Amino acid sequence: MAVDNWDEIRTAYQVARMGTVSGAADVLGVHHATVIRHIDALEGKLGVKLFQRHARGYTATEAGEDLMQVAQTTEDQFTQLAGRIHGRGAAVSGDLVITSVPPMSQLLAQTIGKFQLEYPDLRTELVVDSRVLRLEYGEAHVAIRAGRQDQEPDNIVQPLGAMTTALYATKDYVARHGTLKGLEDIPNHRFVRLSTPNSRIPFNNWIMANVPSEYVVYKASSLLAVEDAVIEGVGIGFLPVYMAQNRDNLVEMIGPQKDWSTPLWIVTHVDLHRTAKVQSFTKFLKEESVHWPTI
């Protein structure tokens with residue numbers, strides 16, 4: 001049976017987002033019984049279960065996830081339409097999902113915090129994931145990507161400078177092993193790095209090529225885990241310069257190099273690019289990035 005009731009879909013979207021009937025009811029301004037009625041009616045029309053019910057609330061099934069992605073995109077398109085109808089003064093509000101490569105999470109937390117001071121009605125979610133979220137399916141509104149420029153024809157790509165990195169160790173590590181005096185000194189030191197090669201990360205390519213595996217004492221599957229190991233004094237490894245500058249306990253072993261720098265991009269989907277919240281955030285992000293460390 002065709003679904004012709006947007007209220008039911010919108011209700012299901014809010015249940016998926018909030019995880020509970022009461023949370024969705026608060027957002028929608030309706031009684032919780034209305035939420036349950038909408039979910040039951042929608043599942044009946046579609047002939048599938050959209051949610052798994054459990055003691056803590058509701059979790060979307062695979063079918064539910066598919067519906068929620070469509071609902072998110074549709075709601076954003078309605079917002080975009082309202083912005084066109086009412087002019088560029090449309091309020092920046094609702095949900096804004098941003099996805100980013102892990103090393104950018106601290107900078108983005110600072111930036112998002114400042115942004116929300118200007119737009120307190122906006123609810124922001126930061127998805128930090130090495131997986132590339134698909135903007136065309138509504139998995140995120142704005143993506144911060146690193147490395148090669150996105151080539152998807154329906155995505156709008158804008159440069160965001162570069163992530164500058166250098167080799168660091170803790171003061172405790174230096175007290176035990178000394179400083180790194182050059183490439184010839186590598187056998188006298190201990191290093192940490194990613195477990196596998198990754199051609200999108202220039203500095204990882206460098207450490208794979210220049211530091212033999214016998215001097216790598218710690219490997220990790222994510223950049224965040226590698227950064228944690230450096231900060232805890234396990235060995236020498238790469239950190240974003242902005243992160244190291246805020247820590248008194250770190251010592252620069254080799255300073256930033258141009259071939260260690262990773263290009264950053266703001267990526268948005270053409271369907272949502274001109275919504276008020278996406279335009280406002282990307283403009284704010286570009287203004288903030290001017291103050292980020294560069295080489």
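The values are calculated or read from the model by the stated rules, or taken from the named source; none is laboratory data. In this text the structure is predicted, and so the values were computed from the model without any measurement. No Cβ is skipped: glycine too gets one built from the backbone with ideal geometry, and neighbour counts run over all protein chains shown. In case anyone asks, the SASA skips ligands and DNA or RNA and just uses the protein heavy atoms, side chains included. Shrake-Rupley method; radii C 1.70, N 1.55, O 1.52, S 1.80 Å.
Tabulated results
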| read-out | value |
| --- | --- |
| Two-site label geometry, LYS258 and GLU136: point separation in nm, points 7 Å out along Cα→Cβ | 3.6 |
| Rg in Å to one decimal, and Dmax rounded to a whole Å, for the chain via C-alpha atoms | 23.1, 72 |
| Whole-number accessible area per residue in Å² for the chain, which is evaluated in the context of all protein chains at 1.4 Å | 51 |
| THR20 long-range amide H proximity, modeled H, under 5 Å | TYR58 |
| Three-way shape label, the range 91-212, alpha-carbon gyration tensor, a/c 1.5 | prolate |
| The range 174-237: mean projected area of Cα convex hull, nm² | 4.1 |
| Dipole magnitude of the range 132-229, debye to nearest 20 (Cβ charges: Lys/Arg +1, Asp/Glu -1, about Cα centre) | 340 |
| Hydrodynamic radius of the range 11-74 per Kirkwood, over alpha carbon pairs, in Å | 11.5 |
| Cross-link reach list, lysines versus LYS181, counting only Cα pairs under 29 Å and skipping chain neighbours closer than eight places | LYS171, LYS219, LYS258 |
| Derived scalar couplings ³J(HN,Hα) [the range 225-239; Karplus, 6.51 cos²θ - 1.76 cosθ + 1.60; whole Hz; x for Gly, Pro] | 5, 5, 4, 4, 5, 5, 5, 8, x, 5, x, 7, x, 7, 9 |
| Extension gain (nm, one decimal) between ASP185 and VAL217, 0.36 nm per residue minus Cα-Cα | 9.9 nm |
